[in-house]
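*Asks:* Have a look at this one.
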There are 2 protein chains.
Amino acid sequence: MVTIGEAARRSGVGIELIRYYERTGVVAGPERSQSGRRQYQSVEIHALRFIRRCRDLGFSLAEAKSLLGLASSERLACADAQSLGQHHLENIRTKISDLQQMETAMVQLMRPCDAGKQECSMLDTLLEGPESEWPPQDK
Amino acid sequence: MVTIGEAARRSGVGIELIRYYERTGVVAGPERSQSGRRQYQSVEIHALRFIRRCRDLGFSLAEAKSLLGLASSERLACADAQSLGQHHLENIRTKISDLQQMETAMVQLMRPCDAGKQECSMLDTLLEGPESEWPPQDK
DNA sequence: CTTGCAATCTGTAGGCGCTACAGAAGCAAG
DNA sequence: CTTGCTTCTGTAGCGCCTACAGATTGCAAG
């Protein structure tokens, strides 16, 4: 039975964010004192920490909420969790690959620019660059 | 002198998004016909394509706008563009590194789960897992 | 010329995941 | 009692779109 400030400290989720999670139904609201203040028990603090860990791993709030539901359910939810996790892992790998392509393109874009020429090839490439047509007709 | 629809097709920026960019000052608004319709010239279409390329490379709208300003300016802006680009490249690399850490953590999290046990170690780890305290007192 | 549909116009609201603030109320110590 | 911290609710803002409503236009076929 601790205050929201203490729950924030113990879960690693900021006070405003805790209230936001409650408001949007990511976690259930805790009991209230007579004066209306939130009173957290350890199960609720664990839930908050659970959500934070999911967010740190890049899960969306909706996914985090689903996972929390699975973790709190009676039945064996391992397969469901696996499936969500695999899906998410694929998303992460897609993002990494996209960013690596960006990185390559950026390096390419900036490479010939180190000599102070008349015109900036970086800006010129962005302005006039290759393959201007759209939408891509393949695929 | 083409319509917004044609400008969208040629720049690869959707109609609604073009209007959004105009509204928020990312690009200047084009001339209007007597009846109030936007009329795009090639310089404006180039600007839109420029912004799209920047966005594809992960630049923020603010950065894209700055770069467009540099590209449109009289003076030699290569150094400024380089600096923005380097900064952005670092951001990309940081994001890649963060995502790679996420990936490792996800793989770790899901690894022992492939045998159908009594409890799901993935969910258990998220619930009870190691190093629960917060905030991190280092740094 | 009229009908009808497509394109465009403005304005507004929603989505995600927060973050920040205002103004009121409670609580604990000096 | 007063000071000062915490908490409360509600609301608005961020970045970057996306989508829709409802009102005009533009253009082509009948």
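*Asks:* Note the angle between two axes, namely the Cα long axis of helix A:42-56 and the longest principal axis of the Cα atoms of chain A, as a number of degrees from 0 to 90, rounded to the nearest 10.
*Replies:* 10
*Asks:* Where in the range A:37-56 does the amide nitrogen come within less than 19 Å of the point 7 Å from the Cα of B:ASP98, taken along Cα to Cβ?
*Replies:* A:51-56
*Asks:* A further question on this structure: So for the range B:4-113, considering every pair of alpha-carbon atoms, how many percent are separated by more than 18 Å? Write out the running numbers ahead of the final one.
*Replies:* On the way: 3557 of 5995 pairs.
Of the Cα pairs, 59 percent sit more than 18 Å apart.
*Asks:* Let me ask something else. Normalising by the residue count of chain B, find the relative contact order in percent from Cα pairs under 8 Å and 6+ residues apart.
*Replies:* On the way: 83 pairs, mean separation 21.1, N = 139.
Normalised by residue count, the contact order of chain B is 15 percent.
*Asks:* Based solely on its DSSP helices, what 222 nm [θ] is calculated for the protein assembly as shown when runs of n ≥ 4 H residues each add -39,500 (n - 2.57) and the sum is averaged over all residues, nearest 500 deg cm²/dmol? Let's see the in-between values first.
*Replies:* Working: 12 runs with 170 residues, N = 278.
Only helices count here, giving -20000 deg cm²/dmol.
*Asks:* Return the loop-located trypsin sites (Lys or Arg not before Pro) in the range B:10-84 (DSSP other than H, G, I, E, B) with at most 10 other Cβ atoms within 10 Å of their own Cβ; answer none if there are none. Please list the in-between numbers first.
*Replies:* Details: sites: B:ARG10, B:ARG19, B:ARG23, B:ARG32, B:ARG37, B:ARG38, B:ARG49, B:ARG52, B:ARG53, B:ARG55, B:LYS65, B:ARG75; in loops: B:ARG37, B:ARG75.
The qualifying sites are B:ARG75.
*Asks:* Label-point separation (nm) for A:GLU16 and B:SER42, each offset 7 Å from Cα along Cα-to-Cβ?
*Replies:* 4.9
*Asks:* How tilted is helix A:61-72 with respect to the longest principal axis of chain A? Cα atoms for both, answer in degrees (0 to 90, nearest 10).
*Replies:* So the inclination is approximately 40 degrees.
*Asks:* Next up: Name the residue, out of A:SER42, A:SER72, A:SER121, whose mean-square fluctuation peaks in a Gaussian network model built on chain A with Cα pairs under 10 Å.
*Replies:* Its mean-square fluctuation being the largest, the pick is A:SER121.
*Asks:* For B:SER33 and B:GLU90, calculate 0.36 nm times their separation in residues minus their Cα-Cα distance, and state this gained length in nm to one decimal. Display every interim value, and only then the final one.
*Replies:* Working: separation 57, 0.36 × 57 = 20.52 nm, distance 4.41 nm.
Between B:SER33 and B:GLU90, full extension yields an extra 16.1 nm.
*Asks:* Return the FRET efficiency for the residue pair A:GLU6, A:GLN108: r is the Cβ-Cβ distance, R0 is 45 Å, and the value is rounded to the nearest 0.05. Kindly include the intermediate steps, with their values, before the conclusion.
*Replies:* Numbers: r = 52 Å, r/R0 = 1.15.
Computed FRET efficiency for A:GLU6 and A:GLN108 comes out at 0.30.
*Asks:* Let me ask something additional. For the protein assembly as shown: lysine pairs with Cα atoms under 29 Å, gap of 8 or more or different chains, count?
*Replies:* Total qualifying Lys-Lys pairs in the protein assembly as shown comes to 11.
*Asks:* Right, next: So how many Å³ per residue does the convex hull of the Cα atoms of the protein assembly as shown work out to?
*Replies:* Looking at the protein assembly as shown, the number lands at 215 Å³ per residue.
A short reminder: the numbers here are calculations on the coordinates, not readings from a lab. Just so you know, these numbers come straight off a predicted model, no measurement behind them. Backbone-built Cβ (ideal geometry, glycine too); neighbour counts: all protein chains shown.
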